[in-house]
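To keep things clear, I will list the structure first and then write my remarks on it.
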Amino acid sequence: MKIPNLLLICIYLSCMASFSWAMRRFFVKSKPPFNLEQRLIIYLGALWALLHIGALFMAPSLAPVPLALALLCCSASLALFWSAIQANRAQPLNWAFEPDKPRHLVAVGPYRWVRHPFYLSYTLC
């Protein structure tokens, strides 16, 4: 496996670790048991991450253009994710599918340009 592929795997793992950290430590959520939608996010997200990591390890060396695009998307995902975390530090957002209503509106940081920077970050990754 070549160094650029390893770099992509490291950045992807950084994204997954960041997303996992936010689910456990950042977003406001009710106490378990989680509802069905939240459990699906947890289990399917973990399954998808494992499948993706396996595919990255098993893939032969990527061509330069797809590799560059993958590195760009994963790096942009990480930067966008942490800028959205910073914009919400004072008042963390509710976790997905929480039964309570949002407590505030965010209009700083990446929210000036994107309505849902966390979801865009997940999609870029």
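Structure data summary
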item	result
Pair list, Cβ under 6 Å, 6 or more apart: region 48-69 residue in contact (Cβ under 8 Å) with a residue 40 or more places away in the chain, other residue open to solvent by 60 Å² or more (accessible area, probe 1.4 Å) and outside any helix (DSSP H, G or I)	SER61/LYS2
Of all residues making up region 98-110, the number that are modelled with pLDDT under 90 and farther than 10 Å from SER30 by Cβ	5
Tally of residues being among the hydrophobic types (A, V, I, L, M, F, W, C), surrounded by fewer than 16 Cβ atoms within 10 Å (Cβ to Cβ) and without any contact (Cβ under 8 Å) to a residue 24 or more places away in the chain across region 1-34	5
Residue check for SER18: among the polar types (S, T, N, Q) and out of contact with any Phe, Trp or Tyr (no Cβ under 7 Å at 6 or more places or on another chain)	no
Every residue from region 71-87 that is open to solvent by less than 30 Å² (accessible area, probe 1.4 Å) and touching a residue at least 60 places away in the same chain (Cβ under 8 Å)	CYS74, SER77, PHE81, ILE85
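The values are calculated or read from the model by the stated rules, or taken from the named source; none is laboratory data. What you see is a predicted model, and the numbers here were worked out from it, not measured in a lab. In this analysis, Cβ positions are derived from the backbone assuming ideal geometry, glycine residues included, and neighbour counts consider all displayed protein chains. Each accessible area value is taken on the protein alone, full model and side chains, heavy atoms only, with ligands, DNA and RNA left out. Shrake-Rupley method; radii C 1.70, N 1.55, O 1.52, S 1.80 Å.
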